[in-house]
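Q: Below you'll find the structure I mean.
The values are calculated or read from the model by the stated rules, or taken from the named source; none is laboratory data. Since we're looking at a predicted model, the values are computed, not measured. Virtual Cβ from ideal backbone geometry, glycine too; neighbours counted across all protein chains shown. The area values use the complete protein model at the heavy-atom level, side chains included, leaving out ligands, DNA and RNA. Shrake-Rupley method; radii C 1.70, N 1.55, O 1.52, S 1.80 Å.
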Amino acid sequence: MEKPLQRQGGRLEHNETYCGSCYGAESIDGECCNSCEEVRDAYRMKGWAMSNLDLIEQCKREGFFQKIKDEEGEGCNIYGSLEVKKVAGNFHFAPGKSFDQSNIHVHDLQAFRKNRFNLSHTINRLAFGDHFPGVVNPLDGVQRMQKQPIGMYQYFIKVVPTMYKDENGHTIQTNQFSVTEHFKGAERGLLDNLAGVFFIYDLSPIKVTFAEGHVSFLHFLTNVCAIVGGVFAVSGIIDSCIYHGQKAMEKKMEIGKFN
């Protein structure tokens, strides 16, 4: 371990420059892979799967699996923004680095060596565009606790383009969204799909416009008069009912006295 294995064979000697093997995944002749991560990246570029990392000298030397074991049970906090095209798509969080293999998006799970992934999560804030007064993001503050050994969380999002215009004429081009969710789990770690948290979004063809505006004084005065008139009308009806009811009771009492 003190003398790493050279790509061309033999161990690293004094005053030699280290050049580790890429184990057949070199993109050009003479390419070196001096770390476990570089070997894994070379395999991903080729679209190859790594069957056994224990055979990779760089991974053994760096204690790769011990690092993964030490990180077990840790969580992560993800913050940032994405620019996406105005077409349907998805973004997701899943274990393992991603790469394309035969035009299929896959994740390298070789490093984890287990069929249990705790994907419990809290969404502090998720928005499609700038904030505007009165907007409600339905996924803000959502918490999901995974009870099964492995699973896939899916959030199906319908994004609605929105324009907000304030009373001064300033506009904000942004979006609102609605969401439905689905969880697919497996008891024995046999999940047909990739375990992760997926946000699948689609754009609505309809655009919503919000506009702020002040009510004129004349309109306000008309509303006040209508309210006052309504109050008087209802009061008159109530007074009339009470008056006629009282008269009817008095009449019945007078008839009872004569009998």
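Q: Which one of these does residue 27 not meet: (1) in contact with a helix residue (DSSP H, G or I) (Cβ under 7 Å, 6 or more places away or on another chain); (2) touching a residue at least 24 places away in the same chain (Cβ under 8 Å)?
A: So the condition that residue 27 fails would be (2).
Q: Looking for something at pLDDT 85 or above and within 30 Å of residue 216 (Cα to Cα) - is there at least one such residue anywhere in the stretch 135-152?
A: Yes, there is a match, as at least one residue in the stretch 135-152 is at pLDDT 85 or above and within 30 Å of residue 216 (Cα to Cα).
Residue by residue, here is whether (1) over 18 Å from the mean Cα position of the chain (by Cα); (2) within 19 Å of residue 209 (Cα to Cα); (3) in a strand (DSSP E or B) holds:
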position	(1), (2), (3)
130	no, yes, no
139	no, no, no
163	yes, yes, yes
173	yes, yes, yes
178	no, yes, yes
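Q: Still on this model: Could you identify the single residue in 197, 224 that is more than 29 Å from residue 98 (Cα to Cα) and either open to solvent by 70 Å² or more (accessible area, probe 1.4 Å) or modelled with pLDDT of 80 or more (or both)?
A: Values: 197 fails: more than 29 Å from residue 98 (Cα to Cα).
Criteria check complete, one pass: 224.
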